[in-house]
1. Give the cross-link partners of Lys43 among the aspartates and glutamates, using a straight C-alpha distance below 18 Å as the criterion and excluding same-chain residues fewer than 8 apart.
2. Give the Debye-formula value of log10 I(q)/I(0) at each listed q (0.25 Å⁻¹), with one equal scatterer per alpha carbon of region 10-99, two decimals each.
Amino acid sequence: MKGTGMVGKVPFFGIRSRETGLVWVTTMNVEPRQETIIPIIQKMVSPGTTIYSDGFGAYAPLKSLGYKHRVVYHAHVYVTDKSVYTNGIESFWRYLRYFFR
C-alpha cells in the first residue's frame with residue numbers, strides 16, 4: 001500500500017448514503033483496487049445512483065457501469081462544485097480511526 005501510514009494496518013472500504021446518513025463498511029483482505037472495489041459497489045449501489053468520490057483511479061469505470069460519478073480532487077482543489085464533496089465519509093473515517101486507537 002502507498003505511504004508508510006498504512007503499513008501493518010487493515011484497509012477499510014465504506015459507502016455512505018447522503019439521503020439516510022447510513023454508512024456501510026467492510027475490511028479488505030487485499031489492497032483496495034478496481035477489481036476489488038467495483039464488485040462491492042455493484043452489489044451495494046443501484047445503477048443510476050450518483051457516487052461522489054476522491055480521485056482514486058479504481059473508480060474510473062463507474063460511469064461506464066451506469067453510475068453518475070462526481071469527483072473531488074483534493075490535490076488540485078478542495079471543492080469545485082459545492083454539491084461535490086466527500087465530507088460525510090471522511091468524518092466517519094476520522095471517527096473510526098479514533099475508535100481503534
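Since every read-out is calculated from the coordinates, none of them should be taken as a lab result. Since this is a predicted model, take the numbers as computed values, not measurements.
1. Glu35
2. Taking Cα atoms of region 10-99 as identical point scatterers yields -1.64.
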